[in-house]
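A short write-up of the structure that comes next.
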Amino acid sequence: MARKNSMIRKVVLSSLFSVGLVAGAQAQVCSDTELYGHMQTLAENLRPVSQAIRSNDFNQAQPLVTEMLAAAQGAQQETPFRFRTGASEDDIANYQRAIQRLVDEFETLSVAVNNQDAQTASTVLRSLSEMRRQGHGQFKDRTCR
Ligand code: HEM
């Protein structure tokens, strides 16, 4: 039974991986990927959200945070361009874990903004730059600008 479960796990993981690989393979350059688009959404909203929270304008921050949360969730469906020619199960699992943490942060941010909790919101915003630094170090292709 354990052996059968392990077989099933392998088949499921490898088919998930194939889907990601096909999606990545369609892009010729990094900036053509869906993931790149989601990342741009994150980048475009970061400063306006920070500014809105700094001036305690939670109504302005709210829809922007919702958009960022959706972009992070979109990134969960993608595979980095860096893995276009192949990736190990560990690579994929590490990427999924890192993106899950990003989604969790935006969920926390969304609750904080709803509660007009500027302190928690600022803590989340500070942690995002470290996540970006680490995420890009591990998963962003060298050709990706
Ligand atoms: C708020 C946090 C983040 C922002 C604002 C952000 C922003 C961006 C931007 C603007 C790009 C386009 C290339 C560039 O200008 O550098 C990009 C690419 C990329 N980012 Fe992020 N990023 C964030 C977090 C993350 C995290 C946590 C990960 C990984 C877990 C990640 C993975 C990637 C990858 C893999 C690419 C290349 C696109 C591709 O492979 O298709 N980013 N990001």
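The values are calculated or read from the model by the stated rules, or taken from the named source; none is laboratory data. Given the structure is predicted, the values throughout are model-derived calculations rather than measurements. As a convention, Cβ positions derive from the backbone with ideal geometry for all residues, glycine included, and neighbour counts pool all protein chains shown.
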When you go through 137, 86, 74 one by one, which is the residue that is among the small types (Gly, Ala, Ser), surrounded by 15 or more Cβ atoms within 10 Å (Cβ to Cβ) and either away from the ligand (no atom under 13 Å from the Cβ) or at negative phi (or both)? 74
Which condition from (1) within 8 Å of the ligand (Cβ to nearest atom); (2) over 30 Å from residue 118 (Cα atoms); (3) surrounded by fewer than 17 Cβ atoms within 10 Å (Cβ to Cβ) is the one that residue 29 breaks? (1)
Across (1) at pLDDT below 90; (2) hydrophobic (A, V, I, L, M, F, W, C); (3) near the ligand (Cβ under 8 Å from one of its atoms), residue 16 clears everything bar (3)
May I ask you to list pairs of residues, at least six apart or on different chains, whose Cβ atoms are under 6 Å apart, with the first in the range 103-117 being more than 13 Å from residue 64 (Cα to Cα) and the second being buried (at least 18 other Cβ atoms within 10 Å of the Cβ)? 103/72; 105/124; 108/124; 112/121; 116/58
All positions within the range 115-133 that are surrounded by fewer than 12 Cβ atoms within 10 Å (Cβ to Cβ), assigned to a helix (DSSP H, G or I) and not basic (Lys, Arg): 119, 129, 130
